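The values are calculated or read from the model by the stated rules, or taken from the named source; none is laboratory data. From a predicted model like this one, the values you see are computed outputs, not experimental measurements. FYI the Cβ positions are ideal-geometry reconstructions off the backbone, even for glycines, and counts take in every protein chain you see.
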Amino acid sequence: MSEINRSLLILKPKQPFLDWSRTLDDKDEDLSLEEIHHDSTAYLIPQLWQDSDQHELLESYYDVLFEEQLAGWWTDEADWPEKRDLKMFLAWFEVEFHSLVFDLCEEPIRVIEYGDDQGDR
């Protein structure tokens, strides 16, 4: 087992995200926050040594994280909230920070780059 030079950020949608998702598709009417939280998205982030670094990191990345979460749910950007800011992000998502990340695997981490052309994986 080895420690890697990253920290971890986990996003869990809150009620406003669920309310937004329910406006998009009738099949989401019975969806609950518990179901959405079942497999929350985790992001490797630069190592954080102090809790005070968390806000600065969110200021730098909230827009990318917000768009990733919206796109993971609904790809038509016309239906996304237009004016997204950090305050809205924090209202829509519970953010968990974890400072230590350990790798239990023996094989090296494989990086898959995603870009505009999904065929270039």
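Just one of Leu11, Leu48, Leu57 is among the aliphatic types (A, V, I, L, M), over 16 Å from the mean Cα position of the chain (by Cα) and closer than 14 Å to Phe97 by Cα; which is it? Even if it seems obvious, please write down each step before you answer.
Working: Leu11 fails: over 16 Å from the mean Cα position of the chain (by Cα); Leu57 fails: over 16 Å from the mean Cα position of the chain (by Cα).
Just one listed residue meets the conditions, Leu48.
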Between residues in region 85-96 that are more than 12 Å from Pro16 (Cα to Cα) and residues that are among the β-branched types (Val, Ile, Thr), which pairs lie under 7 Å by C-beta distance while being six or more apart or on different chains?
-> Glu96/Ile10
Matching residues, region 63-92, being modelled with pLDDT of 95 or more, over 20 Å from Ile112 (Cα atoms) and touching a strand residue (DSSP E or B) at 6+ places or on another chain (Cβ under 9 Å) | Phe66, Phe89, Trp92
First in region 53-79 and closer than 18 Å to Arg22 by Cα, second anywhere and assigned to a helix (DSSP H, G or I), Cβ under 7 Å, 6 or more apart = Phe66/Phe89; Trp73/Ser21
Considering only region 62-104, how many residues are outside any loop (DSSP other than H, G, I, E, B) and either exposed (fewer than 10 other Cβ atoms within 10 Å of the Cβ) or among the small types (Gly, Ala, Ser) (or both)?
-> 6
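Are any of the residues in region 105-116 surrounded by 14 or more Cβ atoms within 10 Å (Cβ to Cβ) and either in a helix (DSSP H, G or I) or in contact with a Lys or Arg (Cβ under 9 Å, 6 or more places away or on another chain) (or both)? Give the derivation first.
Here is the first cut: in region 105-116, the ones surrounded by 14 or more Cβ atoms within 10 Å (Cβ to Cβ) are none.
There is no residue in region 105-116 that is surrounded by 14 or more Cβ atoms within 10 Å (Cβ to Cβ) and either in a helix (DSSP H, G or I) or in contact with a Lys or Arg (Cβ under 9 Å, 6 or more places away or on another chain) (or both).
Which residues, taken from region 1-41, are in a helix (DSSP H, G or I), surrounded by fewer than 13 Cβ atoms within 10 Å (Cβ to Cβ) and at pLDDT below 90?
Asp26, Lys27
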